[in-house]
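Trainee: If you scroll down you'll find the structure; I have some questions about it.
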2 protein chains.
Amino acid sequence: MATAPQADWDPYASGCPSREVLDRIGDKWTVLVLGELAESGAKRYTALRRKLDGVSEKMLTQTLRALERDGLVRRTIHPEIPPRVEYEITELGATLREPLRALKLWSIDHMNEVLAARAVYDRRIGSASHEPGD
Amino acid sequence: MATAPQADWDPYASGCPSREVLDRIGDKWTVLVLGELAESGAKRYTALRRKLDGVSEKMLTQTLRALERDGLVRRTIHPEIPPRVEYEITELGATLREPLRALKLWSIDHMNEVLAARAVYDRRIGSASHEPGD
């Protein structure tokens, strides 16, 4: 599949790598990391960790590594003593800037509507069981 | 926080509900379910399950329930024998159509670049350890 033409990628198909990429790019930590790097330029690990309030070291490390591997983030080691490591968004990562910004803004702009919908749902469902059925 | 004005929602803040909503809307199953409902109209559970190749029953049920609770999907029980249950996108859900379509298209359009970046990364890293450092 690695040599298939672009048109063949289909995230609806199980096993297509585009599904895994879709999973990665929509991940909330991806959205927040790339959003921060897009807006503020190169950042050190600790600065990112401070910005992403509450993120665990393990989760941030995994996220950065996956983003680097996918070519969305560049990790640079500046040869100083001690070495300074910085993360910045790549050209490919920058093509995600607007789509991810749209997601982030949606989650802010529509928060009140989502909370209102939840209140209605929770009142309606209560403790009753709710099977999907068909 | 539930009564705070819109401008106060901040997915960078731990505990802000907008982070959880961001997590939900970027989820690959959300992208695929809402994409299908946006394009094809109301769908039964089994039709959705068939379209989302490889999704488990548990995952699809959880996804639909969360989307219904958040007001993004409407679940209608048609009073027939046996009852027919259908899922359709709501007006609120439709506001996500373009942002999510952009994500899905990105994962298709940039798949080759991502695979190329991975090949470079994997060759460079090999079996060497790769600590994040700072």
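Every number in this text was worked out from the coordinates using simple rules, so none of it is lab data. These figures come from a predicted structure and were not determined experimentally. So basically every Cβ, Gly included, is an ideal-geometry build from the backbone, and we count neighbours across all protein chains shown.
Trainee: Restricting attention to segment A:107-125, which residues are surrounded by fewer than 21 Cβ atoms within 10 Å (Cβ to Cβ) and either within 11 Å of B:L96 (Cα to Cα) or aromatic (F, W, Y) (or both)?
Mentor: Within segment A:107-125, just A:Y121 meets the criteria.
Trainee: Continuing with this model, one more query. Sort out which residues of segment A:43-60 are at the interface with another protein chain (Cβ under 10 Å from one of its Cβ atoms), under 13 Å from the mean Cα position of the chain (by Cα) and in a helix (DSSP H, G or I), and write them in order of number.
Mentor: A:L60
Trainee: Now for a separate question. Give me the residue from segment A:80-98 that is without any contact (Cβ under 8 Å) to a residue 40 or more places away in the chain and not acidic (D, E) and, out of that set, surrounded by the fewest Cβ atoms within 10 Å (Cβ to Cβ). Steps first, answer last, please.
Mentor: Of the residues in segment A:80-98, the ones without any contact (Cβ under 8 Å) to a residue 40 or more places away in the chain are A:80-83, A:90-92, A:95, A:98.
Then keep just the ones that are not acidic (D, E); that gives A:81-83, A:90, A:92, A:95.
On the way: A:I81: 5, A:P82: 7, A:P83: 10, A:T90: 19, A:L92: 17, A:T95: 15.
Only one residue fits best here, namely A:I81.
Trainee: A further question follows. For segment B:78-96, what are the residues that are within 12 Å of another protein chain (Cβ to nearest Cβ) and closer than 20 Å to B:D23 by Cβ?
Mentor: B:T90, B:L92, B:G93, B:T95, B:L96
Trainee: Follow-up question, since we're still on this one. Tell me, which residue of segment A:8-42 that is in a loop (DSSP other than H, G, I, E, B), within 7 Å of another protein chain (Cβ to nearest Cβ) and surrounded by 14 or more Cβ atoms within 10 Å (Cβ to Cβ) is nearest to the chain's Cα centre (by Cα)?
Mentor: A:D27
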